[in-house]
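Here the structure is laid out as structure tokens; the discussion comes afterwards.
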Amino acid sequence: MSHRHWRDGLTALAVGIGMIWPLAPAGAQDAGAQDSSAALIEALRRQVDSLQRRLEAMEARERSRAAPRETARTAAARPAPEAPPRPAATAPGPAAPSQAASGPAPGATRAPPPVATASGAAAPAPAPPSAGTAVVQAPAGSAAQGPVPSQGAQQPPPELAATLGSMPGSLRIPGTGTSVRLYGFAVGQMLIDGGARNRSDVVTAQSIPLSPGAAARQGGEVLFSARRSRLGIETSTDTDWGPLHTVVEMDFAGAQSTASLQSQSSSNSYIPRLRHAYGELGPVLIGQTWSLFFDENYPQRLDNATPFAVSNVRQAQFRYTQKFAHGLSLAASFEQPYTDLTFSGGVRYADMDTGSAPPLTLDKAPDVLARLRWEDADFGSLALTGLVRPQMTASNDGDFVAANRYRASATGWGVQLSGMAKVFERDRVYLRFAYGQGIGRYLDSTANGQGSVSNAGLAGVAPDAVRMDEVPLVAALLGYTHFWTDTLRSNATMGWASLSYPAYARQFAAGGAALLNKDIGQGVLNLIWSPVPRVDLGLEYLGTTRTLLRGLPAGAGTEGAKGGVSHRVVLSGLFRF
């Protein structure tokens, strides 16, 4: 029965009482009874008036609820213009993550908030939405990079308001002060290689096949992959010290075993890997996320590799960030050390199983980083980052024979200037420059493994003459993002790096010499269409070259190669949630 029917019934009841009372027996109508009846009728009328007011209020609320539903039905009956996708600016993303949603980038201002840009994406990201914008952020630079425009916010019904969390797209856990949201994306890719065979789903300096060589003669292949799909959980909990923010994010791009790769004959048993796992309370962050050497501001890419001259390192750390006025912030961190060394026999990392073959790399002190950053919503951002790797060590101290023992150390350092400028309303210009000695793995697609070199194992080098040297490196990146229409955009990127080595590195055997890149370069151009928010369909071309420090000796397995060239086309479909 409607509110109107109840109101009419109550009115009739009051009128009926007033009409029936005079028909009562005369004995009941003495003077006192008449006074009592008048008071009763008046009381009933007041109650009816009160009920009528309550019913009118209920009808008003019902009309206010029905109006948005009617508006939504009317809007659904006609096509509506889509909100234009925007390029990432201070994300992961995640992640992110492409922001965000890298995932969400740590230390960023979160409107109750990420894509989140793996690059190795997307990374994690887990980066972050600006205040008041309902977006999902992926880690920058990845296929998932860039905030996703909100599809229109509606006021929730009152009975659901209590369940909504403090972050966009989140729910509050009943009985707690914690809000939780699920984010991520599913991505499928087709990778087409021209020139040389490359089974990797990323193009890094070391993955480029050398030419002449077997891979160059075999020619390119076609690969399909979905293992860069991502899943993350983000929480925000109210505390006396402010919001406690946590992120746990993973994808399926872990180091694959032979069995997992061969499973593609019937399925794809991809191995999951941890991208982000950290907590953040006030200015303090503890856990695994982007290194401070990472800057989410670079053009969106479909390829999964980190662009040359860019850091996408994620590692465990302790970080403190102090924010100042006018978009200025200063951050410092102690981060996981991980010595990377190349010698005549190949490359060494701390966790490699080298058997009895020296050297072994040791980590004796944390890496120390600091970053000064300026951000402005109208102009862009600028960051200056410094890095010190206090003690990279190569050792054979574990040898049973004392005469064979040795230990050598080196100290790495580097600086990076990175920035993004907003031009022509929505376009973006990106610039990055890095220089250092021993940066190595911090530019992961550029110089991973070449943080240092050693003469260990060379003919005529006695244990007491073993040395370890940092590798000088200079790298630069220039990028541009242009919007052709509200839903169509292109990104162009050029990256370059040059490395220098001590004279003894020219004596390395083929296993080590094949890793010593002297110059590397890469150009990337893509076209990305977002027919609806949260969907990116794209086509991308990557051209990559590397030149070795010296040509390899002619012979089986080496064939006198002096470098390599890679041509790859990527077709990608990415769907965020």
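Within the range 324-344, not a single residue is among the acidic types (Asp, Glu), under 26 Å from the mean Cα position of the chain (by Cα), open to solvent by 10 Å² or more (accessible area, probe 1.4 Å) and modelled with pLDDT under 95. For the range 282-291, a residue qualifies if it is closer than 24 Å to Trp241 by Cα and part of a loop (DSSP other than H, G, I, E, B), and the qualifying residues are Gly282, Pro283.
Quick check, is Ala410 touching a Ser or Thr at 6+ places or on another chain (Cβ under 7 Å) and among the aliphatic types (A, V, I, L, M)?
Working: touching a Ser or Thr at 6+ places or on another chain (Cβ under 7 Å): yes; among the aliphatic types (A, V, I, L, M): yes.
When the stated conditions are applied, Ala410 passes them.
In the range 266-281, is there at least one residue being in a strand (DSSP E or B), in contact with a strand residue (DSSP E or B) (Cβ under 9 Å, 6 or more places away or on another chain), surrounded by fewer than 24 Cβ atoms within 10 Å (Cβ to Cβ) and polar (S, T, N, Q)? Scanning the range 266-281, I find no residue that is in a strand (DSSP E or B), in contact with a strand residue (DSSP E or B) (Cβ under 9 Å, 6 or more places away or on another chain), surrounded by fewer than 24 Cβ atoms within 10 Å (Cβ to Cβ) and polar (S, T, N, Q), so the answer is no.
Taken over the range 441-458, residues that are aliphatic (A, V, I, L, M), outside any strand (DSSP E or B) and more than 16 Å from Ala309 (Cβ to Cβ) amount to 2. The conditions are (1) modelled with pLDDT under 95; (2) within 21 Å of the chain's Cα centre (by Cα); (3) of a type in the set (Ser, Thr, Tyr), and Thr361 fails exactly one of them. Which is it? Unmet for Thr361, out of (1) modelled with pLDDT under 95; (2) within 21 Å of the chain's Cα centre (by Cα); (3) of a type in the set (Ser, Thr, Tyr): (2). Looking across the range 420-440, the residues that are more than 21 Å from the chain's Cα centre (by Cα), surrounded by 24 or more Cβ atoms within 10 Å (Cβ to Cβ) and part of a strand (DSSP E or B) come down to Ala434, Gly436.
Of the numbered conditions (1) modelled with pLDDT of 95 or more; (2) among the charged types (D, E, K, R); (3) surrounded by fewer than 15 Cβ atoms within 10 Å (Cβ to Cβ), Asp353 satisfies every one except a single condition; which is it? With (1) modelled with pLDDT of 95 or more; (2) among the charged types (D, E, K, R); (3) surrounded by fewer than 15 Cβ atoms within 10 Å (Cβ to Cβ) applied to Asp353, the lone miss is (1).
Among the numbered conditions (1) at pLDDT below 95; (2) within 21 Å of Tyr442 (Cα to Cα), the only one that Ser498 does not meet is (1).
Taken over the range 446-459, the residue count meeting the criterion of being surrounded by fewer than 17 Cβ atoms within 10 Å (Cβ to Cβ) and more than 17 Å from Asn396 (Cα to Cα) is 0.
Among the candidates Arg432, Arg428, Arg371, which residue alone is of a type in the set (Lys, Arg), in contact with a Lys or Arg (Cβ under 8 Å, 6 or more places away or on another chain), modelled with pLDDT of 90 or more and within 21 Å of Ala309 (Cα to Cα)? Walk me through it before giving the result.
Working: Arg432 fails: in contact with a Lys or Arg (Cβ under 8 Å, 6 or more places away or on another chain); Arg371 fails: in contact with a Lys or Arg (Cβ under 8 Å, 6 or more places away or on another chain).
Result: Arg428 is the single residue among Arg432, Arg428, Arg371 that is of a type in the set (Lys, Arg), in contact with a Lys or Arg (Cβ under 8 Å, 6 or more places away or on another chain), modelled with pLDDT of 90 or more and within 21 Å of Ala309 (Cα to Cα).
Which residue, of Pro174, Pro168, is over 30 Å from Val565 (Cα atoms) and over 24 Å from the mean Cα position of the chain (by Cα)? Talk me through it step by step, then tell me what you get.
Working: Pro168 fails: over 24 Å from the mean Cα position of the chain (by Cα).
Of Pro174, Pro168, the one residue that is over 30 Å from Val565 (Cα atoms) and over 24 Å from the mean Cα position of the chain (by Cα) is Pro174.
Scanning the range 393-419 for residues that are surrounded by fewer than 22 Cβ atoms within 10 Å (Cβ to Cβ) and closer than 23 Å to Ala383 by Cβ yields Trp413, Val415, Leu417, Gly419.
The values are calculated or read from the model by the stated rules, or taken from the named source; none is laboratory data. Please read all numbers here as calculations on a predicted model, not as lab measurements. For neighbour counting, all protein chains shown are included, and Cβ atoms are generated from backbone atoms with ideal geometry for every residue, glycine included. What goes into the accessible areas is simple: the full protein's heavy atoms, side chains included, and nothing from ligands, DNA or RNA. Shrake-Rupley method; radii C 1.70, N 1.55, O 1.52, S 1.80 Å.
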